[in-house]
Amino acid sequence: MSEDHKAAEKPWGGRFSEPTDAFVERFTASVGFDRRLYHHDIAGSMAHARMLARVGVLTEAERDQIIEGLEAVRSDIEAGRFEWSVSLEDVHMNIEAALTERIGVTGKKLHTGRSRNDQVATDIRLYLRDEIDAISDELHRLQNGLLDLAEREAATIMPGFTHLQSAQPVTFGHHMMAWFEMLERDYGRLQDCRARMNQMPLGAAALAGTSYPIDRAYTAELLGFDKPTENSLDSVSDRDFAIEFTSFAALLLTHLSRCSEELVLWTSAQFDFIDLPDRFCTGSSIMPQKKNPDVPELVRGKTGRVNGHLVSLLTLMKSQPLAYNKDNQEDKEPLFDTVDTVKGVLKAYADMMPAVTVKAENTRAAASRGFATATDLADYLVRQGVPFRDAHEIVGQSVAFADGQGLDLEELSLEQLQQFSDAIGKDVFEVLTLDGSVRARDHIGGTAPGQVREAVARARQRLAQR
Ligand code: ARG
């Protein structure tokens, strides 16, 4: 980046009598990171120029000159020919200066009825809107992968846990659908954020609006916003949309950190429930036997990073008086990093999940340890007329007895079971099996394989309607 501009060349240099301190110039500049917004900055400027021509503030010839000039600047940037200058502070002034350098005095008319304050507020919304759409697609791809996996493993038995202790048998597909539902709510939150954000700030100018006869509805339409924002002070000052997006991201990562934790556990030799393909794992430089689940671990770790960005943005906004303050320049790096992190995490997960293989014999064997069908025995007794509390007690005694014998409940003989209750008949063995147990939970939201398949079908319909 070149730094050879003098004070007089600053777009705001008119009232200044000495050049900016060299350190302050670097300290206050944002071009190092906000140049990422160039595409949306140019799109916003083109729409602004079109609107100014429509209301007669620019001639049509001026408008065309500006638009052609901006197109040329954009090509320069995309071809890597653009020289970003720190002394021109930010992406907005860099592009405007390059425009004027190209087309001469007409370039200086672009900033009529506009301020960098409404300009940046517009740029970030345009940028984030595109990123939200890209993230929505990637989230959708991950959800689809989970549905395929859930369908494939709809009848695969695994232990369900509470307190990470074996609780009741569930199906692997049911477990995947739990993850799906978390992501489904994340998807909804993301769309809510987009809908609230999609209003156009241009016209707010520095803070109070502008005295030119602007047509904000027209600019909003050109840029695909639902409508112009209602209040100029609010338009240039609030970054709640960035906070809302980052809070979506923090929840998404929180959910994925939970999935990751389970994947890490399940790939361990102690669980050995699943296999992750080698291409998603790495080895150890000292222990030859190792195959580490790096992707889920890293996703779990990145949750901290995104949570940190959320706290940064909330703290940045807190107590800011109306309207724009330079503080807001600090919104970009946390926001950009959140976007990059979410996109990376979703890509990794969407690629990885369909490639997970489930070791069904191991998940079934694990489910048969730990008396996972004890609740089924209690429910059986209740159906025979035993009050639930008594049934609970009877099953507790049976479990203690079986444990003492080193047996599982279904391995006890009928006579052994009957010592605890004469309500037990030989049909009890139907409910003590793992398959009988999951099949019995046959209602919306239950773990029965048929219910899992129906949940997948309903979810596919929801996804198709997006
Ligand atoms: N780089 C600034 C930002 O990101 C642009 C707006 C500057 N406005 C101003 N009045 N200094 O917030």
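Per residue of the chain, what 222 nm ellipticity follows from adding -39500 (n - 2.57) for every DSSP H run with n ≥ 4, rounded to the nearest 500? Don't jump to the answer; show the numbers that get you there.
Values: 19 runs with 278 residues, N = 466.
Helix contribution divided over all residues of the chain: -19500 deg cm²/dmol.
Using the crude model of +1 on Lys and Arg Cβ and -1 on Asp and Glu Cβ, and no other charge, please compute the dipole size for the chain relative to its Cα centre, in debye to 20. The partial results should precede the final answer.
Details: 52 positive and 72 negative charges, 152 e Å.
Dipole magnitude for the chain comes out near 720 debye.
Under a crude label model (7 Å from the Cα following the beta-carbon direction), how far is Arg141 from Phe401 in nanometres?
Going from the Arg141 label point to the Phe401 one covers 5.7 nm.
Taking the Cα centre of each part, how many Å lie between the range 23-88 and the range 137-176?
If we compute the Cα centre of each part, the gap is 49 Å.
Below 8 Å, C-alpha to C-alpha, sequence gap of six or more: please give me the relative contact order for the chain in percent.
17 percent.
Between Asp294 and Ala134, take the C-beta separation as r, use R0 = 30 Å, and let me know the FRET efficiency to the nearest 0.05. Provide the component values of the computation, followed by the final result.
Values: r = 24 Å, r/R0 = 0.81.
Computed FRET efficiency for Asp294 and Ala134 comes out at 0.80.
What is the ratio of the Cα radius of gyration of the range 255-313 to 2.2 N^0.38 Å, with N the residue count, to two decimals? Please list the in-between numbers first.
Values: Rg = 13.6 Å, N = 59, 2.2 N^0.38 = 10.4 Å.
With N residues counted in the range 255-313, Rg over 2.2 N^0.38 Å equals 1.31.
In the range 210-276, which GluC sites (Glu not before Pro) are in a loop and have at most 15 other Cβ atoms within 10 Å, using DSSP for the loop call? If you can, show how the numbers build up before the last one.
Values: sites: Glu221, Glu230, Glu244, Glu261, Glu262; in loops: Glu230.
Of the GluC sites (Glu not before Pro), the ones in loops of the range 210-276 whose Cβ has at most 15 other Cβ atoms within 10 Å are Glu230.
Please grab the % of Cα pairs in the chain that end up more than 39 Å from each other. Each step should come with its number before you reach the end.
On the way: 46768 of 108345 pairs.
Counting every Cα pair in the chain, those more than 39 Å apart make up 43 percent.
Stretched out fully, how many nm does the piece from Asp226 to Asp351 gain, at 0.36 nm a residue minus the Cα gap? It would help to have the intermediate numbers written out before the result.
On the way: separation 125, 0.36 × 125 = 45.00 nm, distance 3.40 nm.
41.6 nm is the gain from fully extending Asp226 to Asp351.
Would you list Cys193, Cys281 from fewest to most Cβ contacts within 10 Å?
Numbers: Cys193 23, Cys281 18.
By the 10 Å Cβ count, ascending, the order reads Cys281, Cys193.
Calculate the all-directions average of the projected area of the range 354-466's alpha-carbon convex hull, and give it in nm². Don't skip to the end; give the middle numbers.
Numbers: hull surface 36.5 nm².
About 9.1 nm², averaged over all directions.
Quick one: Cα centre-to-centre distance for the range 229-299 and the range 177-194, in angstrom?
Centre-to-centre distance over Cα atoms comes out at 15 Å.
To the nearest 0.05, what FRET efficiency results for Asn362 and Leu322 with a Förster distance of 56 Å applied to their C-beta separation?
Working: r = 60 Å, r/R0 = 1.08.
With R0 = 56 Å, the Cβ-Cβ based efficiency is 0.40.
How many angstrom separate the Cα center of the range 355-384 from the Cα center of the range 398-444?
The distance from the Cα centre of the range 355-384 to that of the range 398-444 comes to 11 Å.
Can you give the FRET efficiency to the nearest 0.05 for Ala208 and Thr28, using r as the Cβ-Cβ distance and R₀ = 30 Å?
Numbers: r = 24 Å, r/R0 = 0.79.
After rounding to 0.05, the efficiency reads 0.80.
Taking the Cα centre of the range 124-237 as the origin, how large is its charge dipole in debye, to the nearest 20, when only Lys and Arg (+1) and Asp and Glu (-1) carry charge on their Cβ atoms?
Values: 10 positive and 17 negative charges, 46 e Å.
So the dipole magnitude of the range 124-237 works out to roughly 220 debye.
So what's the Cα pair-distance distribution over the range 298-375, bin width 10 Å, in %?
14, 26, 19, 18, 12, 8, 2
In nm, to one decimal, how far is the Arg383 label point from the Gln270 one, both placed 7 Å along Cα→Cβ?
The modelled label-to-label distance comes out at 3.6 nm.
Could I get the Rg over Rh figure for the range 228-377? Both from C-alpha atoms, Rh via Kirkwood, rounded to two places. All intermediate terms of the calculation are to be shown ahead of the outcome.
Values: Rg = 21.6 Å, Rh = 18.4 Å.
Answer for the range 228-377: 1.17.
Rounded, prolate or oblate for the range 172-241? Axes are the square roots of the Cα gyration tensor eigenvalues, ordered a ≥ b ≥ c, and the cut-off for rounded is a/c under 1.5.
On the way: a/c = 7.02, a/b = 3.07, b/c = 2.29.
Prolate, since a/c reaches 1.5 and a/b exceeds b/c.
Arranged by the count of other C-beta atoms within 10 angstrom, fewest first, what order do Lys227, Lys326 take? Working shown, then result.
Numbers: Lys227 12, Lys326 8.
Lowest to highest Cβ neighbour count: Lys326, Lys227.
Simple spin-label model, 7 Å along Cα-to-Cβ: Gln418 to Thr315 in nm?
Using points 7 Å along Cα→Cβ, the separation is 7.0 nm.
Computed from the coordinates by the stated procedures, all read-outs in this text should not be read as laboratory data. Values in this document were obtained by computation on a predicted structure and should not be read as measured data. Heads up, the Cβs are rebuilt from the backbone with ideal geometry, glycines too, and the neighbour counts pull from every protein chain shown.
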